[in-house]
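Every read-out reported here was derived from the displayed coordinates using simple, explicitly stated rules and does not represent laboratory data. Everything quoted here is computed from the prediction, not taken from an experiment.
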Amino acid sequence: MHVFKAYRDEGRVLPGTPPTALLQRMCDVAVGRPVPFEYLPMVAEELNFDRTDAKTVRWRKPVPRRHLDHFNVLVIGAGFSGIALGAKLKEAGFPFIIGEKNADVGVPGSRMLILASPWIRCKRCSMALLPRRYGI
C-alpha cells in the first residue's frame, strides 16, 4: 500500500508490469482461486501498468476537422460507461452529447473510491466529478 499512497500523495511513478508469475499470484489471491493463465494478458491490459492505454484512438493519418464536425455522436446514459465513452470521444476529436434521464450521473446515491488509473489521485471520488475532470 505504501507504493499507492506515495503515488497518490507525492506523484511518484508506479512500478511497471509485474513478472508473469507474480501477476498470476496477484490474480489468484484477488479472486480467491486459480485464475486461468489465458486471462493474464487481458488483466495486464486493463491494469495498464505500462501506461499505454490500448483503447486510445490513434488515427493512421490526421482526419480533417471538417469531417469530424459533421459526425455527431449521442451517448445514451451518463453511467460509468457513458462517461468513459465521452472521454474517449473527446480524445478522438468527435463532437458528442451525453444524455441522461436521471438528475445525477452514475449509480444514484452512491459514492465510490476508484482505485484505477488515472483517478487514483482522488481520495474520495464520485461519478459526478469524472465529467468535470475530463472536461466532458
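In this structure, the residue pairs whose Cα-Cα separation is over 23 Å, taken from Lys55/Lys101; Lys61/Lys88; Lys5/Lys90, are Lys55/Lys101; Lys5/Lys90. Rounded, prolate or oblate: pick one for segment 1-54, where a ≥ b ≥ c are the square roots of the eigenvalues of its C-alpha gyration tensor, a/c under 1.5 means rounded, and failing that, prolate if a/b is larger than b/c, else oblate. Verdict is oblate for segment 1-54.
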